[in-house]
Amino acid sequence: MGVGAVREGLRRAVFLDRDGVINRAIVENGKPHPPASLKELEILPGVPKALRALKAAGYLLIVATNQPDVARGILTRQGVEAINAALLAALPLDDILVCYHDNQDHCDCRKPQPGLLLQAADKHKIDLAASFMIGDRWKDIEAGRRAGCRTILVDSDYAEEGLETKPDHRVHTLPEAAAVILAPIPAGERTG
């Protein structure tokens, strides 16, 4: 699939949701939840290899994750940061950006708002149009669309509504998403 040329002076990135994409989400009654502690953290099969392949292809790897359970008093910020530190140590990630707010906070960083992606683009000099957002929920896909990225849904068949924004691609795992991104660009689609 690939994307066209990257604008001069900018880089391309793959934005990744965390829970359900990189690590196993704890699913209860069809709804995904983050791991409550390091003890529950489990990196999904094939993720390290897929991320290494994306990195080798020149993509920055940036996690953009909503963690509203901190605002709800269910998780601590230190607990979330410990999980993020473990992921940074185990995987070739360049950054992890977190929104700790809940819906009623009306912030611009909570997906489906594109704030986390826009912050990362500014911080890391990213060409959003040459980048991808991979997520397992409609909010991830909508945030990617609003930021101008191509989007890939890791379809985990959750019992939730709201996927009105159609992803550019639908897969079942991060390794499948990486294969979509790394597929050769057909000659007729090459630009630049």
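The values are calculated or read from the model by the stated rules, or taken from the named source; none is laboratory data. Because the structure is predicted, anything quoted here is derived from the model rather than measured. In this analysis, Cβ positions are derived from the backbone assuming ideal geometry, glycine residues included, and neighbour counts consider all displayed protein chains.
Take Asp69 and tell me if it is over 22 Å from Glu40 (Cα atoms) and of a type in the set (Asp, Glu). Write out each step before concluding.
Numbers: over 22 Å from Glu40 (Cα atoms): no; of a type in the set (Asp, Glu): yes.
In short, no.
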**Request:** Would you confirm whether any residue within region 10-27 is of a type in the set (Asp, Glu), in contact (Cβ under 8 Å) with a residue 24 or more places away in the chain and out of contact with any Phe, Trp or Tyr (no Cβ under 9 Å at 6 or more places or on another chain)?
**Result:** yes
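Confirm whether Ala36 is in contact with a helix residue (DSSP H, G or I) (Cβ under 9 Å, 6 or more places away or on another chain) and modelled with pLDDT under 95. Walk me through it before giving the result.
Numbers: in contact with a helix residue (DSSP H, G or I) (Cβ under 9 Å, 6 or more places away or on another chain): yes; modelled with pLDDT under 95: yes.
Answer is yes for this residue.
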**Request:** Any residue in region 130-144 that's farther than 13 Å from Leu60 by Cβ and free of Cβ contacts under 8 Å to residues at least 60 places away in the same chain: show its pairings with residues that are surrounded by 24 or more Cβ atoms within 10 Å (Cβ to Cβ) and of a type outside the set (Ser, Thr, Tyr) at Cβ separation under 8 Å, as long as the two are six or more apart or on different chains.
**Result:** Ile141/Met133; Ile141/Gly135; Ile141/Leu153; Glu142/Lys111
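Checking the conditions here, which among Asp102, Asp140, Asp95 is within 16 Å of Val21 (Cα to Cα), touching a Lys or Arg at 6+ places or on another chain (Cβ under 7 Å) and of a type in the set (D, E, K, R)?
Working: Asp102 fails: within 16 Å of Val21 (Cα to Cα); Asp95 fails: touching a Lys or Arg at 6+ places or on another chain (Cβ under 7 Å).
Exactly one residue qualifies, and that residue is Asp140.
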**Prompt:** Asn66 passes all but one of (1) crowded, with 19+ Cβ neighbours inside 10 Å; (2) under 22 Å from Ala179 (Cα atoms); which number fails?
**Reply:** (2)
